[in-house]
1. Relative to a virtual label point 7 Å from the Cα of Arg76 in the Cα→beta-carbon direction, which members of segment 52-68 show backbone nitrogen distances below 15 Å?
2. Out of the DSSP beta bridges found with both residues in the chain, what percent are antiparallel (nearest 5)?
3. Gain in length, Arg107 to Thr129, computed as 0.36 nm per residue apart minus the alpha-carbon separation, to one decimal in nm?
4. For the chain, what is the number of Lys pairs with C-alpha distance below 23 angstrom, counting only pairs 8 or more positions apart or on separate chains?
5. Write down the Kirkwood hydrodynamic radius of segment 51-168, to one decimal in angstroms, obtained as one divided by the mean of 1/r over all alpha carbon pairs.
6. At a 1.4 Å probe, what is the % contribution of carbon and sulfur to the accessible area of the chain?
7. If Lys and Arg each add +1 and Asp and Glu each add -1, what is the summed charge of the other residues whose beta carbon sits under 15 Å from the beta carbon of Ala12?
8. Any idea what the relative contact order of the chain is, in percent, if you count C-alpha pairs under 8 Å spaced at least 6 apart?
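The values are calculated or read from the model by the stated rules, or taken from the named source; none is laboratory data. Note that the coordinates shown come from a computational prediction; the quantities given were computed from them, not determined experimentally. Here the Cβ positions follow ideal geometry from the backbone for every residue, glycine too, while neighbour counts run over all protein chains shown. Note: accessible area is taken over every heavy atom of the protein model, side chains too, but ligands, DNA and RNA are not part of it. Shrake-Rupley method; radii C 1.70, N 1.55, O 1.52, S 1.80 Å.
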Amino acid sequence: MTDKIALITGGASGIGRATAETLAARGLSVGLADRNRDLLDQTVAEMTSQGHSAFAVPLDVTDRAQCASALAKVGRDRGPISVVVTCAGIAAVSRIGETGNAEGWDREIAINLTGSFNVISGCIDQLKTKGGAIVTVSSVVGMRSGFAEAGYAASKGGVLALTRQLARELAPFGIRANCIAPGYIDTPMLAGGAGDVSDWMDIHCPMKRLGRPEEIAAAIAFLASPDASYVNGAILPVDGGYLVV
């Protein structure tokens with residue numbers, strides 16, 4: 001996978017950062033896309049100080065024109081993008097019908113689902129030049145209902161459907177599209193939303209613990225690699241067994 005360019009959204013923290021570090025360690029040059037410029041620059045500086053090839057791509061995934069412009073610039077400056085990983089996402093807890101739920105719904109759909117579409121669309125022509133790999137990040141909540149998470153569940157379920165469509169449409173161009181469905185992972189997003197879920201995990205997860213970002217990153221790296229050359233349209237849960245309970 002050396003000499004390839006990877007683009008990871010949500011790359012400044014959580015699963016996105018872990019994925020960027022994992023892919024960089026395997027020889028890729030990684031573009032970290034994020035809207036938090038300060039955290040993005042800090043993450044890129046830390047990675048480059050460790051000898052990794054990493055660069056910042058300031059980006060709001062909800063802005064389609066900005067996505068097209070920024071990703072075209074990556075192609076011109078760095079070479080064609082070969083791997084796209086859509087980690088950018090948010091989660092809000094609200095019940096259907098609650099005040100403010102409609103705004104939360106719009107934001108989750110815009111970032112989690114439409115944002116994935118915007119970024120992938122902006123990379124399609126580059127991926128077609130040599131073939132490539134798309135790895136989307138959904139959630140077990142997109143496969144099984146969660147608690148007071150309608151917007152999140154719908155957006156992540158949409159990512160699953162989008163991935164299958166990408167796999168079918170893009171295979172003739174040598175592009176594979178697969179999806180990771182993480183369980184409950186120890187990230188800033190989880191801490192900011194669900195808080196302490198250790199008791200809940202004891203009941204609902206056979207492994208009785210949260211996942212780690214690097215465990216998701218390892219699965220993403222596999223799907224992005226030549227080792228997964230015949231894997232296309234797959235949905236891979238990485239959830240400690242949550243879905244079997």
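1. Label zone hits: 66-68.
2. Details: 0 of 31 bridges.
Beta bridges within the chain, antiparallel portion: roughly 0 percent.
3. Values: separation 22, 0.36 × 22 = 7.92 nm, distance 3.30 nm.
Extra length available between Arg107 and Thr129 comes to 4.6 nm.
4. Working: Lys4/Lys73; Lys4/Lys128; Lys4/Lys130; Lys73/Lys128; Lys73/Lys130.
Lysine pair count for the chain: 5.
5. 15.2
6. Values: 5890 of 11120 Å².
Carbon and sulfur: 53 percent of the exposed surface of the chain.
7. Values: positive: Arg17, Arg35, Arg37; negative: Glu21, Asp34, Asp38, Asp41, Glu46, Asp60.
Within the 15 Å Cβ shell, the charges total -3.
8. Numbers: 513 pairs, mean separation 47.8, N = 245.
The normalised contact order for the chain reaches 20 percent.
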